[in-house]
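Here, each number is a calculation from the coordinates, and none is a lab measurement. Predicted model only: the values in this text are computed from it and were never measured. Cβ: placed from backbone, ideal geometry, glycine included. Neighbour counts: every protein chain shown.
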Amino acid sequence: MLDTNIMENNTAKHFALQLGSLASLYLSLSFLLVLLFGVINLAFPDATDGPWDIERASSGIRVAFAMVIVFFPTYLTLTRLVNNNRRQETGGQYLSLTKWLIYLSLLVGGAVLLGDLVAVIITFLEGEITTRFILKTLVVLVIIGCAFVYYLKDAKGYWVENEKKSTVFGMIASLVVAASLVIGFIYTEKPSEVRERKLDDQQISDLQDIQFYIEDYYRVNNALPSTLNELYGGLPIPAAPEGRADYEYLVGDETSYALCATFVEESLQNAASRYPYTAYEKNYNWDHPSGYWCFERAVEAKLTIE
């Protein structure tokens, strides 16, 4: 009876450790691919990329960086525990339940490999540049393929008989992941830059609020306010973030004005590089360079009350 309880506890223990190890592996590999795909997109820009494609790639790298830096060490730790317990308690053989889990993982890994290759080919057929296609294909084949081969051999007991090779394999994998993290960190915005861009976005939101109030004021009074204090009539006026220059409201002629602020980062799509705007487009364009910038606006005649 005692031996049966010990066996059941060991089986549950091995299964839990193996499941945790494989779950950490899935997350690590998935987000490592996201990280490397993002780096490839940024390192080899495509003429068809819009500003939000760049931001999506940068954002994906940041999320993937955090996930990999947490789950890959977790995977290494759990895998070490699995291997140690396997050598000590099962004579180097997988218990039947955990062995089924390994083969199921191989099936999933093969499906992921094929699915990722299909996705990469589809993006190529939809116009992605050849360099990106080749690099992404190689990344998928190397990363998913190496994991597949590792567990295929593991299920056959190869790494138990070749412990030193297993250690070398783990060290190489760790170096590859570490190098990927360094490259990802280089190609994405630094935390301070992300913060400054968020503050820039907050300033744009404030200026949009001011523009809305100006247009509403013009509907009622058929004239532009002379100051922001007059515009808000005692209500709180949007203020620039701490450490930034105050917003400026400059009145031009009877229907034109400008809203000015100082920005740390250039917007994702700078106004200076865009095609000429129509009057309507210009009134709702918020592209800006870094530094002091004024957005010229004109109240539309249709806003006035007849």
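Tabulated results
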quantity	calculated
Prolate/oblate/rounded label for region 9-84 (Cα gyration tensor, a/c 1.5)	prolate
Length gained when the stretch Asn283-Leu104 is fully extended (0.36 nm per residue, less Cα-Cα span)	58.7 nm
Segment Ile186-Thr167, extension gain: residue separation times 0.36 nm, minus the distance between their alpha carbons	4.0 nm
Difference of contour (0.36 nm per residue) and Cα-Cα distance, Ala66 to Ala179	39.2 nm
Distance in nm between pseudo-label sites at Ile54 and Thr77 (7 Å out along the Cβ direction from Cα)	3.9
Mean Cβ count within 10 Å, highest first, over the residues of peptides 56-63, 235-242, 182-189	56-63, 182-189, 235-242
